[in-house]
Amino acid sequence: MEYHTEPTQIVVLNLAILTLLLVTAITMVRVRRLFAVVMLSGIYSLLSALFFVSLDAVDVAFTEAAVGAGISTVLMLSGMLLTARREKPVVPGHRPLALFVCVITGGVLIWASTDMPAFGDPEAPANAYVGKLFIERTPSDVEVPNLVTAVLASYRGFDTLGEVLVIFTAGVGVMLLLGSGSIRGGRKRQDIPPQVEPAADQKASLDGGKKTASPQDGGAS
Amino acid sequence: MMGHVVLRITIKILFAPITLFALYVQFHGDYGPGGGFQAGVIFAVAFIMHALGFGIDKTKQALPPKVLPAIMVSGVLLYALTGVWSMFYGGNFLDYDLIQPDSHHHAGQHIGIILVEFGVGLAVASTMLTVFYHFAGREPEIADEDW
């Protein structure tokens with residue numbers, strides 16, 4: 001690892017990424033068009049992936065870019081197609097209780113962060129005990145160059161089996177909830193109410209009529 | 001729908017490299033960043049991109065949804081059975097060293113990690129595609145004005 005970057009450059013880069021993250025988050029809260037919100041959440045994931053790269057956590061950045069910016073965005077988009085395109089307008093007004101809770105929680109979090117160990121501190125609890133052991137023993141125990149893979153698949157293989165089972169369960173849950181009748185070529189169910197916007201409403205009902213009619217026609221002929 | 005020509009051509013060009021990259025990430029996971037989770041997602045992304053460009057029905061012809069649950073189950077089983085395999089040699093669950101006990105370079109660990117990561121990749125890719133098929137399959141195709 002023979003590369004030299006000035007520390008100030010890293011600080012500037014980190015500050016830029018964090019500022020962009022903050023701006024994206026605030027914009028996401030304020031925008032009402034769901035399409036823009038989904039796109040912004042993808043941008044948010046991409047920015048956090050960049051931030052993870054600058055923290056030298058390449059594997060996490062990889063996952064974040066693939067899952068957060070890729071799959072989640074597409075899933076949110078396809079979920080959005082099933083609902084309205086816009087968020088319901090919120091009733092304007094101030095809520096003192098919510099503001100109070102947010103300020104208190106944020107204050108406590110900032111206060112707690114002053115007690116955190118410095119970034120990269122080898123004596124920090126996250127690095128000290130079992131982490132140090134993994135770093136010391138991986139070259140002789142597993143002999144895999146990527147430490148993350150060694151920890152994930154070998155030392156903590158049982159944990160990872162649990163993670164795979166979680167993903168598997170999520171897939172099974174989606175199958176059970178959304179039903180696989182339409183997937184296997186069975187009857188397509190229209191249990192979703194028509195769109196809110198009048199123009200889309202007419203189009204959707206037209207499409208729906210065509211779709212439900214065609215299989216019956218095929219069956220009759 | 002003859003629009004999105006640029007998009008479709010781009011997807012056609014990119015499909016094979018993305019799949020290849022997924023395989024690289026999958027099997028190179030112990031040497032560089034990556035592994036089964038990332039590879040599975042990248043593999044699924046190639047098909048999702050195809051579905052976005054060409055409509056989900058074309059993608060379903062290329063990769064039928066019927067096979068996905070089988071791949072999901074086989075991925076999880078591959079992982080779990082690798083663990084059971086080491087138990088046959090008298091070790092603990094997922095104790096890879098016993099797969100190749102005489103190796104001085106921990107070949108057992110490498111074999112175990114490759115198998116387990118492949119199981120993860122299979123399960124993740126098929127689950128992501130299942131979720132996508134179920135969400136996107138409810139709408140015939142993405143209308144032009146929704147882009």
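Taking the listed residues B:Ala125, B:Ala107, B:Ala80, the one that is crowded, with 21+ Cβ neighbours inside 10 Å and either out of contact with any strand residue (DSSP E or B) (no Cβ under 6 Å at 6 or more places or on another chain) or hydroxyl-bearing (Ser, Thr, Tyr) (or both) is B:Ala125, with no other qualifying. Look at A:Val151 and say whether it is in contact with a helix residue (DSSP H, G or I) (Cβ under 6 Å, 6 or more places away or on another chain), open to solvent by less than 60 Å² (accessible area, probe 1.4 Å) and outside any helix (DSSP H, G or I). Criteria not met by A:Val151.
Taking the stretch A:37-86 as the search range and keeping residues that are open to solvent by less than 40 Å² (accessible area, probe 1.4 Å) and touching a residue at least 60 places away in the same chain (Cβ under 8 Å), which one is farthest from the other protein chains (Cβ to nearest Cβ)? The selected residue is A:Ala84.
When the stretch B:89-104 is filtered for residues that are closer than 23 Å to B:Tyr31 by Cβ and either surrounded by fewer than 14 Cβ atoms within 10 Å (Cβ to Cβ) or aliphatic (A, V, I, L, M) (or both), the ones remaining, listed by number, are B:Leu94, B:Ile99, B:His104. Can you tell me which residue is most open to solvent (accessible area, probe 1.4 Å) among those in the stretch A:109-133 that are farther than 18 Å from A:Val148 by Cβ and assigned to a helix (DSSP H, G or I)? Selected residue: A:Trp111.
How many of the residues in the stretch A:134-148 are among the charged types (D, E, K, R), on the phi < 0 side of the Ramachandran plot and surrounded by 14 or more Cβ atoms within 10 Å (Cβ to Cβ)? Number satisfying all stated conditions: 1.
In the stretch B:2-11, the count of residues that are of a type in the set (Gly, Ala, Ser) and within 23 Å of B:Thr130 (Cα to Cα) is zero. Of all the numbered requirements in (1) modelled with pLDDT under 90; (2) of a type in the set (Ser, Thr, Tyr); (3) within 26 Å of the chain's Cα centre (by Cα), A:Thr114 misses one, and that requirement is (3).
Restricting the stretch B:61-77 to residues that are of a type in the set (Val, Ile, Thr) and within 11 Å of chain A (Cβ to nearest Cβ) leaves a set whose member that is surrounded by the most Cβ atoms within 10 Å (Cβ to Cβ) is B:Val76. Number of residues in the stretch B:27-56 that are more than 9 Å from every other protein chain (Cβ to nearest Cβ) and on the phi > 0 side of the Ramachandran plot equals 1. Quick check on B:Ser86: is it more than 26 Å from A:Leu176 (Cα to Cα), open to solvent by less than 60 Å² (accessible area, probe 1.4 Å) and among the small types (Gly, Ala, Ser)? Yes; evaluated as a whole, the condition is true for this residue.
The values are calculated or read from the model by the stated rules, or taken from the named source; none is laboratory data. These figures come from a predicted structure and were not determined experimentally. Virtual Cβ from ideal backbone geometry, glycine too; neighbours counted across all protein chains shown. Just so you know, the surface numbers come from the protein's heavy atoms only, side chains and all, with ligands and any DNA or RNA stripped out. Shrake-Rupley method; radii C 1.70, N 1.55, O 1.52, S 1.80 Å.
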